[in-house]
Amino acid sequence: MSKDVLVVAERRDGNLRNVSFEVLEAARKIANGGKVMAVLFGQGEDGEAEQLAHYGADQVYLVANEELNVYSTDAFTKAFTEIIYMVKPDTVLLGHTVMGRDLAPRVAARLELGLISDCTDVEIQGDEVVFVRPIYAGKAFQKKKITNGITFATIRPNNIAKGEPDASRTAETIDVKVTITDIRTIIKEVVKKTSGTIDLTEAKIIISGGRGVKSADGFNPINELAKVLGAAVGASRGACDAGYCDYAMQVGQTGKVVTPDLYIACGISGAVQHLAGMSNSKIIVAINKDPEAPIFKVADYGIVGDLFEVLPLLTEEFSKVPV
Ligand code: FAD
């Protein structure tokens, strides 16, 4: 059965985020011939609607209210709820990003709908849409469907591959102004902690350091390799707690959940709370001097050795090959 699916597209630093295209791909699968609609909040750049069309949107709603230029829970909740009433979709999808995690449950609750969050896959079983999501810190997977009302779900970044863009595809663009009143919080300025670095949640390669790096300077060999590989740098909570790096870098149950193609864990023991954030990475490499470290149980490749010896050797070798 065909379904009309509404997707929330996200921007970061003026560009559409990758996760928007991944969610569009999930939407195309679910739509099965129905309409794929995308909504973009705030004033953006030219060409955004075209880009969304190339990745599968049939209609793009541009809600260019000034109050929506920066994310705020109140304003986005009001605008998004109004858009849902307007377009009446069968399914609503968002990225399981900081914004999606805040917005989706609030709007779903307002509309008295269920929400399936943090999905890593979508399966079509006959007429039913079944969402797959990890549970117990990634140790098992649960399959869920919504049986009543609009299906509402968030999709974890880096799990559903975005489709091939088709430059010949076009979308109908619809400009909408919504009424936004009674805003309780106004965002005056967004101050970034980690400017200039690659976003961990969207990175294809991540190199993380743990307490084994022993100091803030101990991240230097990790940063060197990251430069060569074009990787983002993450950390265990052990490293953050020790003051070696910023908490914005923390991967794990109480940090960021990441699913890169390659995750290199350096001097990280592999506590279950760390694994909760990275065990769905496609390839895991562990560098640890303790051959009994639990991280080796989840690693595809393990190097037993001192990270301060191993990392410079890897950097030297990878520098010889164009990446
Ligand atoms: P350690 O466990 O101390 O391991 C250091 C490792 O480095 C050891 O395996 C050692 O062999 C190795 N090593 C030392 N020197 C070298 C060297 N020169 N070369 C190579 N290897 C070396 N942790 C997270 O990471 N993320 C979370 O989100 C998180 N959330 C938590 C939530 C709760 C409620 C709790 C209770 C804990 C949480 N933790 C989290 C903490 C977690 O339990 C661990 O304490 C933490 O992950 C340990 O960090 P680590 O592996 O860097 O340190």
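The values are calculated or read from the model by the stated rules, or taken from the named source; none is laboratory data. Worth saying up front: this structure is predicted, and the values here are computed from it rather than measured. Cβ: placed from backbone, ideal geometry, glycine included. Neighbour counts: every protein chain shown. We work out accessible area using only protein heavy atoms, side chains counted, and drop any ligands, DNA or RNA first. Shrake-Rupley method; radii C 1.70, N 1.55, O 1.52, S 1.80 Å.
Need the list of aspartates and glutamates near Lys320 for cross-linking: C-alpha distance under 20 angstrom, and skip anything on the same chain fewer than eight residues off.
Glu224, Glu309
Measure nothing fancy, just the Cα-based angle from helix 73-87's long axis to the longest principal axis of the chain, in degrees from 0 to 90, nearest 10.
Roughly 50 degrees between the two axes.
Ordered by residue, what ³J(HN,Hα) values in Hz, to whole numbers, does segment 252-258 give under the Karplus form 6.51 cos²θ - 1.76 cosθ + 1.60, where θ = phi - 60° and Gly and Pro are x?
x, 4, 10, x, 8, 9, 10
Counting only heavy atoms of protein chains, what accessible area per residue, in Å², does segment 200-319 have with a probe of 1.4 Å?
For segment 200-319, the solvent-accessible area averages 44 Å² per residue.
With a 1.4 Å probe and all protein chains kept in place, how much accessible area does Tyr247 have, in Å² rounded to the nearest 10?
120 Å²
If ligands, DNA and RNA are left out, what is the accessible area of Leu200 with a 1.4 Å probe, given in Å² to the nearest 10?
Roll a 1.4 Å probe over it and Leu200 shows about 10 Å².
What GluC sites (Glu not before Pro) in segment 244-323 are in a loop by DSSP, with at most 11 other Cβ atoms within 10 Å of the Cβ?
Glu292
So which GluC sites (Glu not before Pro) in segment 189-284 are both in a DSSP loop and have at most 13 other Cβ atoms within 10 Å of their Cβ?
Glu189
With all protein chains present and a 1.4 Å probe, how do Met1, Met99, Met86 order by accessible area, largest first?
The most accessible residue leads, giving Met1, Met86, Met99.
Could you look at the chain and say what percent of its accessible area is carbon and sulfur, using a 1.4 Å probe and all protein chains?
The computed percentage sits at 49.
In debye, nearest 20: dipole of segment 5-176 around its Cα centre with unit charges on the Cβ of K, R (+) and D, E (-)?
For segment 5-176, the charge dipole is close to 800 debye.
Which GluC sites (Glu not before Pro) in segment 7-48 pass both tests, a DSSP loop state and at most 13 other beta-carbon atoms within 10 Å?
The qualifying sites are Glu45.
On a C-alpha basis, how far is the centre of segment 57-83 from the centre of segment 285-319 in Å? Whole number, if you could?
45 Å
May I ask for the angle, rounded to the nearest 10°, between helix 220-229 and the longest principal axis of the chain, with both axes built from Cα atoms and the value confined to 0 to 90°?
Tilt of helix 220-229: around 50 degrees.
Using only the heavy atoms of the protein chains and a 1.4 Å probe, how would Asp182, Asp74, Asp261 rank by accessible area, largest first?
Per-residue accessible area, sorted high to low, gives Asp182, Asp261, Asp74.
Would you compute, from DSSP H runs of 4+ residues alone, the mean residue ellipticity of the chain at 222 nm, taking -39500 (n - 2.57) per run and dividing by the full residue count, rounded to the nearest 500?
-8000 deg cm²/dmol
Quick one: accessible surface of Met249, probe radius 1.4 Å, all protein chains present, in square angstrom to the nearest 10.
Solvent-accessible area, nearest 10 Å²: 40 Å².
More than 27 angstrom separation, counting every C-alpha pair in the chain; what % is that?
48 percent
Take the Cα atoms of segment 154-275, build their convex hull, and give its volume per residue in Å³.
With only Cα atoms used, segment 154-275 gives 188 Å³ per residue.
Within 11 Å, Cβ to Cβ, of Gly210, how many net charges do the neighbouring residues add up to if Lys/Arg are +1 and Asp/Glu are -1?
Charge balance near Gly210 sits at +2.
Could you run the Karplus curve 6.51 cos²θ - 1.76 cosθ + 1.60 with θ = phi - 60° over segment 96-111 and give me ³J(HN,Hα) per residue in whole Hz, x for Gly and Pro?
Working through the residues one at a time gives 7, 9, 4, 5, x, 5, 7, 7, 4, x, 5, 6, 4, 5, 4, 8 Hz.
As an exercise, find the ratio Rg/Rh for segment 5-176 from alpha-carbon atoms, using the Kirkwood inverse-distance average for Rh.
0.94
If you average the alpha carbon positions of segment 233-257 and of segment 103-164, how far apart do those two centres end up, in angstrom?
Going from one Cα centre to the other spans 27 Å.
Counting only heavy atoms of protein chains, what accessible area per residue, in Å², does segment 83-154 have with a probe of 1.4 Å?
That works out to 49 Å² per residue.
About the Cα centre, and with charges only on the beta carbon of Lys, Arg (+1) and Asp, Glu (-1), how big is the dipole of the chain? Nearest 20 debye, please.
About 780 debye.
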